[in-house]
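J.: Dropping a structure here in structure tokens format, bear with me for questions.
Bear in mind these aren't lab numbers, they're just calculated from the coordinates by the rules spelled out. Please read all numbers here as calculations on a predicted model, not as lab measurements. A quick note on method: Cβ atoms are made from the backbone with ideal geometry, for glycine too, and the neighbour counts reach across all protein chains shown.
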Amino acid sequence: MSKKQKWEYSPALEGTDHIQLKKQYDLFINGKFTPGAEGKYFSTVNPANEEKIAEVAEANQKDINFAVESAQKAYDNTWSKMPGKERGKYIFRIARLLQERAREFSVIETIDGGKPIRESRDVDIPLASAHFFYYAGWADKLEYAFPGKQANSLGVTGQIIPWNFPLLMASWKIAPALATGNTVVLKPAETTPLTAMKLAEIIQEADLPPGVVNIVTGAGDTGKAIVNHPDIKKIAFTGSTEVGKYIMKSIAGTDKKYTLELGGKAANIIFEDASIDQAVEGIINSIFFNQGHVCCAGSRLYVQESVAEEVIQKLRNRMSSLIVGNPLDKNTDIGAINSKMQLDKIKMYVDLGKEEGGNIYQPSCSLPKKGFWHAPTIFTDVSQSNRIIQEEIFGPVLGIQTFRTVDEVIAKANNTAYGLSGGVWTDKGSKIFKVTKDIRAGVIWANTFNKFDPASPFGGYKESGVGSEGGIEGLRGYLDLA
Amino acid sequence: MYNQTIDQINTQERVARLFSRSIKKESKVQALHLALSMIDLTTLEGKDSPGKVKQLCYKASHLHDNFPNLPHVAAICVYPPMVSIAKKALEGTKINVASVATAFPSGMANLQAKLEEVKSVVNEGADEIDMVISRGKFLSGEYQYVSDEITQVKEACGKAHLKVILETGELVTLDNVRLASDIAMKAGADFIKTSTGKVSPSATPPVVLTMLEAIRDFNNKTGKQIGMKPAGGIGTAKQAIQYLVMINETLGSDWLSPNLFRFGASSLANDILMQIVKQSTGNYQSKDYFSID
């Protein structure tokens, strides 16, 4: 290799011949895969090449009625009566089976959703399994979780999850519901239903009593049927603020409990005394993780003026070493955008950012011709008044502003309709406490970003949602505490 | 410029991410050849003898003669009394002779003695000098002393290249590693090097990354390209490739060259050779098929 020659990494593709996928998936109701009442199916495609992977049944009102009925029966006859210790055994079994089949699940998650195999392998699937392990442990300890109170289960819970972390979100919802003695009707997102259907197979294999977990696929109308079903006692939703508002309106006046985990526009704050190279890496992880399809992404960056030039230059350099391409390549850093619809939305915002006078930077990287792709993008010369700073883009697009004082940056960080997460980078411990205390957000990371643990609660202020998931807090939303 | 803090945890995470790169096929073959050409084949033992050094020098230019088109290593690294022997043995090759100096490995001698040692090995033909910094002075905060010493050794080197060994195992924190790197580069180092190989731990990945980042920042500020040499504890082709990934993504392709990057190692060459043969034939050969000089 001569001195100036570039060293390109050869493709290192994760194999796909070990996965088992059916051509067609029916609804999983009452412990069995059953066709929908109308017999309609829709396709799920690989966003990296637009090829159809499988067909999935579309559930209508009748199917939801059947699923809720089954869940109610399972609740009344077995699950609510079963001692916590026995429930725990089932959940542990799911966790172990998931762990054993992690490789297959990673590949399917990547094919169906477009995220890099590095992330589905190292983050999504291990964390999903960890959530089942964590909540399995609580199943027989509920009376210790809330001392002096009686922890009563609710009944049938309706759960609707998004497409950005398909299996992980399913585990965030199903694991605490089961641990607390509730039964489940869950709807995965229409663009990423496959790992949920594979999870249904694991639930079958774990021999869960029929009807305890029902997984129904479909789009908005299927979700509506769940939200409005009179026998559902609780709605757990993760997704857009718009749909969250619709859910709150729909269930107003009912006695349904709800937890809503919605959008975000997190401030990530770099102080001049931070370890700069590590902070730059933190920016990369905060906004380009999972193509920026992360509700807690650090999409607003605030850099102290004295180091702004250095940080932005280093960020640009680092962005040029990001590898965008085939999600199945183990070296890929940024995969495919989840859907055409989402790609159009991101492009709309990038155009808007340019119109608003923002200074755009994208590293030169060639994007594949087929599929849905977007280069990592940063905007400088933007302000709080820009829509790209105010609205959630849900893509690999970062807006950068500078600040001078601690008070100024706290005011700007809080100047948003959202309040899900935040980040602060400084070498000074006292500053961490000051800033994290004053920012109104559910999670604030110090000298790190986008770290998740089943034991740590997660939830938002303001338009970012209501209630918490994860940790002991996550049990609360599934219990009547008397 | 001496105030950049380094976060240990995040540095470890960055290393883990860099090392998760999967280097296969053509890119692996390229990397193996490159790594071979970056080796400073080293013997630094009290029991070294002229015979041993001669054998090592022969190996340096004849890595595996029944396999064509292999590069030679970058240099031989020896103690001062072996410099003239190595120089003679390597006549007619492009392989450099590097000598440790300045009371290696402890650096515990007065400055005058160190300078004389450097001048004498340069006179005997050493192309490269691997000096050690005064860690005691550094840890007691006498940074100016450390800096001045490097400047004077650099002067004594004349045309010879100066590698400055920080002995990071004794500096302990990454903040110190960064500070020592900045001092050494500013004082005139051509290369900065992690370790003597006599203190544990020697080159660790977070330390190497921290030094590479210091080199990159120095290059951005001054335009000068400083070389890097991790030494000690690098014995496998896999480790070598991981370090190449680290350079590639921290400093870029300019540094993917023996002019700016070296491995200080004694057993690395054979492991790389074994991998090169495996890439070509599909089978691993026994260690006995690779000479151990």
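J.: Near the amide H of residue A:37, under 5 Å away, which other amide H atoms are found, from residues 5 or more places off or on another chain, if H is placed in the peptide plane?
T.: Here the answer is A:60, A:63, since their amide H atoms fall under 5 Å of that of residue A:37.
J.: Something else now. So what J values fall out for the stretch B:168-185 if you push phi through Karplus, 6.51 cos²θ - 1.76 cosθ + 1.60 with θ = phi - 60°, rounded to Hz, Gly and Pro as x?
T.: For the stretch B:168-185, the Karplus-derived couplings read 5, x, 9, 7, 6, 8, 5, 4, 5, 4, 5, 4, 5, 4, 4, 4, 4, 5 Hz, x marking Gly and Pro.
J.: Under the rule of -39500 (n - 2.57) per DSSP H run of 4 or more residues, summed and divided by the residues of the protein assembly as shown, what mean residue ellipticity at 222 nm is obtained, to the nearest 500 deg cm²/dmol?
T.: Working: 28 runs with 317 residues, N = 775.
Dividing the helical sum by the residues of the protein assembly as shown leaves -12500 deg cm²/dmol.
J.: Also, I was wondering about something else. Name the residue from A:292, A:377, A:363 whose Cα lies farthest towards the positive end of the charge dipole of the stretch A:267-453, charges +1 on Cβ of Lys and Arg and -1 on Cβ of Asp and Glu.
T.: Comparing the listed Cα positions along the dipole, A:292 ranks first.
J.: Quote the relative contact order of the stretch A:1-156 in percent (integer), defining contacts as alpha-carbon pairs under 8 Å separated by 6+ residues. Intermediate results must be reported in sequence, preceding the final value.
T.: On the way: 165 pairs, mean separation 34.0, N = 156.
Value for the stretch A:1-156: 22 percent.
J.: Compute the relative contact order of chain B as a whole-number percentage, counting only Cα pairs closer than 8 Å that sit 6 or more residues apart in sequence. Before the final figure, lay out each step's value.
T.: Numbers: 520 pairs, mean separation 61.0, N = 293.
Relative contact order comes out at 21 percent.
J.: Hey, another quick one. Would you work out the charge dipole size for the protein assembly as shown about its Cα centre, treating the Cβ of every Lys and Arg as +1 and the Cβ of every Asp and Glu as -1, and quote it to the nearest 20 debye? Please report the intermediate quantities before stating the final value.
T.: Values: 88 positive and 86 negative charges, 115 e Å.
Dipole magnitude for the protein assembly as shown comes out near 560 debye.
J.: In whole Å, what is the distance between the alpha-carbon centres of the stretch A:360-416 and the stretch B:124-180?
T.: 43 Å
J.: Exactly which trypsin sites (Lys or Arg not before Pro) in the stretch A:3-34 are in a DSSP loop and have at most 12 other Cβ atoms within 10 Å?
T.: Counting only loop positions with at most 12 other Cβ atoms within 10 Å, the trypsin sites (Lys or Arg not before Pro) in the stretch A:3-34 are A:3, A:4, A:6, A:23.
J.: Turning to a different aspect of this structure: Please compute the alpha carbon radius of gyration of the stretch A:1-155, then divide it by the globular-protein estimate 2.2 N^0.38 Å. Two decimals is fine.
T.: My calculation over the Cα atoms of the stretch A:1-155 gives 1.42.
J.: Turning to a different aspect of this structure: Rank these for me by crowding, B:127, A:333, going from fewest to most other beta carbons within 10 Å.
T.: B:127, A:333
J.: Loop only by DSSP, 16 or fewer other Cβ within 10 Å of the Cβ. Give me the trypsin sites (Lys or Arg not before Pro) in the stretch B:65-112 that pass, ordered by residue number.
T.: Values: sites: B:87, B:88, B:94; in loops: B:94.
Passing both the DSSP loop test and the Cβ count: B:94.
J.: Still on this structure, please answer the following. So how strong a dipole does the stretch A:267-453 carry about its Cα centre when Lys and Arg Cβ are +1 and Asp and Glu Cβ are -1, to the nearest 20 debye? Could you put the intermediate results ahead of the total?
T.: On the way: 20 positive and 21 negative charges, 98 e Å.
Magnitude of the dipole: close to 460 debye.
J.: Distance between Cα centroids, the stretch B:193-260 to the stretch A:18-96: provide it in whole Å.
T.: 52 Å
J.: Averaging sequence separations of C-alpha pairs under 8 Å and six or more residues apart, then dividing by the length of the stretch A:267-453, give the relative contact order as a whole percent.
T.: On the way: 333 pairs, mean separation 54.0, N = 187.
About 29 percent, as a whole number.
J.: Taking only the alpha-carbon atoms of chain A, what semi-axes of the equivalent ellipsoid follow from 5 times the gyration tensor eigenvalues under a square root, in whole Å, largest first?
T.: Taking √(5λ) for each eigenvalue gives 37, 27, 20 Å, largest first.
J.: Let me ask you something else. Could you work out the mean count of beta carbons from other protein chains within 10 Å of each residue's beta carbon in A:8-17? Don't skip to the end; give the middle numbers.
T.: On the way: counts 4, 12, 9, 5, 7, 2, 1, 0, 0, 0.
Average per residue, whole number: 4.
J.: Taking +1 at the Cβ of each Lys and Arg and -1 at the Cβ of each Asp and Glu, which of B:212, A:183, B:36 sits farthest along the dipole of the protein assembly as shown towards its positive end, judged by Cα position relative to the Cα centre?
T.: A:183
J.: Can you compute the FRET efficiency between residue A:249 and residue A:345 using 1/(1 + (r/R0)^6), with r the Cβ-Cβ distance and R0 = 25 Å? Round to the nearest 0.05.
T.: Values: r = 23 Å, r/R0 = 0.93.
The calculated FRET efficiency here is 0.60.
J.: With a sphere of radius 11 Å drawn around the Cβ of residue A:211, what net charge do the other residues whose Cβ falls strictly inside it have (Lys, Arg +1; Asp, Glu -1)?
T.: Details: positive: A:32, A:73; negative: A:69, A:76.
My count for the surroundings of residue A:211 gives 0.
J.: Go ahead and run the numbers for FRET between residue B:173 and residue A:21, Cβ-Cβ distance against an R0 of 51 Å, rounding to 0.05.
T.: Details: r = 50 Å, r/R0 = 0.98.
According to the calculation, E is roughly 0.50.
J.: Okay, next question. What does the average come to when, for each residue of peptide A:278-290, you count the partner chain Cβ atoms lying within 10 Å of its Cβ? Kindly include the intermediate steps, with their values, before the conclusion.
T.: Numbers: counts 11, 2, 2, 6, 4, 0, 2, 4, 0, 0, 0, 0, 0.
For peptide A:278-290, the averaged partner shielding equals 2.
J.: Highest mean first, how do B:96-109, B:246-259 rank when packing is the count of other Cβ atoms within 10 Å averaged over residues?
T.: Values: B:96-109: 21.7, B:246-259: 19.7.
Going from most to least packed, we get B:96-109, B:246-259.
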